[in-house]
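Undergrad: Before I ask anything, here is the structure I am working with.
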Amino acid sequence: MQKMSIFRSPTPASMQSMCMPRSMSAKVAFTNTQVHFLAANSPSVRVGSGMALKCSSSDTAQIDSIASSGEHGRDNGGGIDYRKGVKSLLESAPHLQKLPSEFVLQLDQSPMDAAGGSDIPTIDLSGLDGSPERKASTIKAIGDACEEWGFFRVKNHGIDDKVIAEMLEVIEEFFGLSLEEKMKYYSEDVLSPIRYGTSLNTPLAHKLHWRDYLRHYGHPFPENIFQLWPDNPPQYRNVAKAYLVEIWKLTMKLGGAISQSLGLEEEYFEKSLGEGVQILACNYYPPCPEPNKTLGLAAHSDHGGLTILMENGVEGLQIKHAGTWVSVHDVPSTFVVNVGDYLEILSNGKYKSIEHRATVNQHKTRISVAVGHGPEMSTIVKPATPLAKETDQYRAVTYKDYVKLQQSITSRGKNALEKLKI
Ligand code: OGA
Ligand code: NI
């Protein structure tokens with residue numbers, strides 16, 4: 001239906017269609033861009049934790065263990081609507097010293113005590129274009145990194161620093177726009193071609209996380225896709241396209257090496273994707289008054305095959321390695337690559353999709369850009385035929401169903417993948 005008009009017209013009338021699950025009857029009152037949501041929700045209803053939604057305290061039905069605060073979405077008497085996102089929250093309360101309770105998470109290990117000693121392996125990708133011996137040893141190093149860490153850093157990856165810097169610049173400018181401008185891209189549909197939002201990706205009620213985000217698809221760049229992307233800042237579309245094209249090429253190169261490291265033909269990973277799906281997630285984590293009590297992004301694994309991550313020089317990524325959270329250090333001009341659920345399944349469990357999370361810090365804004373790469377949505381996800389055994393570990397499922405499951409779950413970790421285990 002009128003997806004375009006939903007994205008494009010931030011008028012109160014369209015806000016209603018953006019924010020209200022159509023199946024739900026509720027009284028809605030508008031104040032400027034805010035929607036006061038007066039329904040008493042039941043746990044089975046999509047609660048709509050949208051950024052413009054302001055739930056009354058009767059909206060306390062919680063979906064799962066993460067969502068335990070009875071204050072979810074309440075304005076704490078100070079007139080603050082947390083669902084407008086963390087950037088806007090800080091603009092309305094610039095001297096905030098205490099983390100609002102909606103953001104306080106129960107954490108298995110404080111974000112501040114991650115192990116600092118060990119680090120993910122760094123792979124010099126120029127080795128893939130070197131002598132046969134160098135190529136073979138680079139492929140082996142990539143395979144070992146996928147098996148032992150599920151994460152590695154790449155240098156000499158061939159992407160110009162300028163392409164990276166321009167991408168960071170347009171993202172920073174985008175998040176600097178007014179809330180109303182950004183809300184044009186708000187959506188609760190986890191498969192929407194473009195989404196602006198806050199906290200986790202799911203519209204289900206959950207404890208809030210200290211993040212605003214913009215997500216949209218890239219490759220294979222279907223016709224008209226660019227019209228959905230932000231036109232403010234004006235260079236956004238060109239810069240993002242140039243970045244995503246380069247990242248796709250890099251991913252296919254890595255996919256070739258990974259296929260060979262599994263004993264498969266070089267094109268196996270790429271061919272398995274069909275047309276493929278590329279998803280860009282721009283994460284914006286402003287300074288947080290009490291960074292040891294919350295996260296920017298909860299522990300999760302990525303649903304795609306390979307994710308390529310870069311950041312604005314501010315650290316924050318932590319990965320679960322050997323049972324403990326390890327900080328991943330920022331190294332200029334490199335990308336961090338990780339194995340996602342699709343590749344774990346394709347490798348029949350040899351390579352593991354590792355849980356990771358984003359921490360926040362007290363003084364700096366962190367921006368990270370994660371690009372995920374999965375197969376086209378109708379693909380049946382299952383182990384690569386040459387690696388499959390009678391005792392396959394994973395139930396076959398379409399990628400689309402898997403993405404929906406993974407994105408909708410509020411108790412993150414690797415719970416979606418666990419559901420596929422036989
Ligand atoms: C992601 C992600 C980590 C980060 O967007 O999937 O894991 O450091 N981001 O922002
Ligand atoms: Ni991730």
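The values are calculated or read from the model by the stated rules, or taken from the named source; none is laboratory data. As the structure is a prediction and not an experimental result, all values here were calculated from the model. Cβ sites come from the backbone with ideal geometry, for glycine too, and all protein chains shown count toward neighbours. Ligands, DNA and RNA are excluded from the accessible area calculation, which covers all protein heavy atoms including side chains. Shrake-Rupley method; radii C 1.70, N 1.55, O 1.52, S 1.80 Å.
Undergrad: Where a ≥ b ≥ c are the square roots of the eigenvalues of the C-alpha gyration tensor, would you call the range 230-313 rounded, which needs a/c under 1.5, or, failing that, prolate if a/b is larger than b/c, or oblate?
TA: Because a/c hits 1.5 or more and a/b fails to exceed b/c, the range 230-313 counts as oblate.
Undergrad: May I ask you to give the solvent-accessible area per residue for the range 278-328, in square angstrom, as obtained with a 1.4 angstrom probe?
TA: Details: 1120 Å² over 51 residues.
Normalised by residue count, the accessible surface of the range 278-328 is 22 Å².
Undergrad: Which percent of the accessible heavy-atom area of the range 113-418 goes to carbon and sulfur, probe 1.4 angstrom?
TA: Here it works out to 50 percent.
Undergrad: Here is a further query. Please compute the net charge surrounding Asn156, taking Lys and Arg as +1 and Asp and Glu as -1 over other residues with Cβ under 15 Å from its Cβ.
TA: Local charge sum for Asn156: +1.
Undergrad: For Cα pairs less than 8 Å apart in space and 6+ apart in sequence, what is the mean separation divided by the residue count of the range 222-273, i.e. the relative contact order in percent? Numbers along the way, then the final one.
TA: Working: 28 pairs, mean separation 10.3, N = 52.
Once normalised by length, the contact order is 20 percent.
Undergrad: Return the FRET efficiency for the residue pair Glu91, Val314: r is the Cβ-Cβ distance, R0 is 22 Å, and the value is rounded to the nearest 0.05. Don't skip to the answer; put the middle values down first.
TA: Working: r = 20 Å, r/R0 = 0.89.
Calculated transfer efficiency: 0.65.
Undergrad: How would you classify the range 282-329 from its alpha-carbon gyration tensor, with a ≥ b ≥ c the square roots of the eigenvalues: rounded for a/c under 1.5, else prolate if a/b is greater than b/c, otherwise oblate?
TA: Numbers: a/c = 1.70, a/b = 1.24, b/c = 1.37.
Note, shape of the range 282-329 comes out oblate.
Undergrad: Sticking with this one: Once you sort the root eigenvalues of the Cα gyration tensor of the range 113-418 as a ≥ b ≥ c, which label holds: rounded (a/c under 1.5), prolate (a/b larger than b/c) or oblate (the other case)?
TA: Because its axes are fairly even, with a/c under 1.5, the range 113-418 counts as rounded.
Undergrad: Would you grab the residues whose amide H sits under 5 Å from the one on Tyr394? Only those 5+ places off in sequence or on another chain, please, with H modelled 1.01 Å from N.
TA: The list, which skips near neighbours in sequence, is Ile422.
Undergrad: In addition: Kindly write out, for the range 161-169 in residue order, the coupling ³J(HN,Hα) from the Karplus curve 6.51 cos²θ - 1.76 cosθ + 1.60 (θ = phi - 60°), rounded to whole Hz, with x marking Gly and Pro.
TA: 4, 5, 4, 5, 5, 5, 5, 4, 4
Undergrad: If you count, for each residue, the other Cβ atoms within 10 Å and average over each peptide, how do 392-405, 336-349 line up from highest to lowest? Working shown, then result.
TA: Details: 392-405: 17.0, 336-349: 24.9.
Going from most to least packed, we get 336-349, 392-405.
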